[in-house]
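The values are calculated or read from the model by the stated rules, or taken from the named source; none is laboratory data. Small disclaimer: the values here were computed from a predicted structure and weren't measured. Neighbour counts run over all protein chains shown; Cβ positions are idealised from the backbone, glycine included.
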Amino acid sequence: MKEYKLAIFDMDGTILNTIEDLNNATNYALRKNGLREITVEEECQIVGNGLFNTAKRSTPEGTDEATINAVFEDLAAYYKEHNEDCTRPYDGIVDVIKKIKAAGIKTAVVSNKVDYAVQILAKKYFPDCFDKAMGETEGFALKPERDMVDEILRCLDTDREDSVYIGDSNVDLLTAQNSEMDCIAVSWGFRGREQLKEYGAKTIIDKPEELLSFFAK
């Protein structure tokens, strides 16, 4: 088995269940702008590419640019104040990450969530679990571009062939592909096993504990 030296985790849908807070923020913005609210199931299909794209995808086709921008601004403002209301780590994931780190593996987060939220949530729910966490940052393209992954590799002085990306969506699979590294897809997130198969995932796990087998020492 390949011995990885760095595990890079997505945040939303991989280590944190954030969907209810995201859905509440989206629906607040839609309501405020006189638009139809969306279900949690619909939210699961539109998140993953940053809040602006979430806002854009939540509005009806043909919505004008000014309205999309207004929805985004309202969504972002609401989420900034309410990003911890219902958010919780997935069962077992904190202990798993601690065990991976205790085995001498470097750990990091790369998320399309705004960076202030990534830093707050990582410190609150995963204290001392990550060597580096990075969210949407000026000067770095969002996933699935490789910019943020490359910055993590640089900061943690690790080669990409010794690293693995762990995520729950097509965005994460493409991020790993663009970053030229292995990927472990998790089925407990926002997309599910069948969709991950459709996206071409080669390695899918169903429980956080299964991650440990990839970092055996």
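In the stretch 79-107, the residues that are over 21 Å from residue 152 (Cα atoms) reach residues that are among the β-branched types (Val, Ile, Thr) and in a helix (DSSP H, G or I) with C-beta atoms within less than 8 angstrom, at least six apart or across chains, in these pairs: 83/120; 84/120.
Scanning the stretch 168-211 for residues that are basic (Lys, Arg), in a loop (DSSP other than H, G, I, E, B) and more than 13 Å from the chain's Cα centre (by Cα) gives 202, 207.
Going through (1) over 11 Å from residue 18 (Cβ atoms); (2) not assigned by TED's automatic domain parsing to the domain that holds residue 121 one by one, residue 92 falls short only on (2). Taking the criterion of being under 23 Å from residue 3 (Cβ atoms), in a helix (DSSP H, G or I) and either assigned by TED's automatic domain parsing to the domain that holds residue 54 or among the charged types (D, E, K, R) (or both), the residues of the stretch 116-167 that qualify are 150, 154, 160, 161, 162. Only one of the numbered conditions (1) closer than 23 Å to residue 101 by Cα; (2) crowded, with 24+ Cβ neighbours inside 10 Å is violated by residue 143, and that is (1). Looking across the stretch 106-122 at every residue that is surrounded by fewer than 22 Cβ atoms within 10 Å (Cβ to Cβ) and either among the polar types (S, T, N, Q) or in contact with a Phe, Trp or Tyr (Cβ under 6 Å, 6 or more places away or on another chain) (or both), the one that is nearest to residue 54 (Cα to Cα) is identified as 119.
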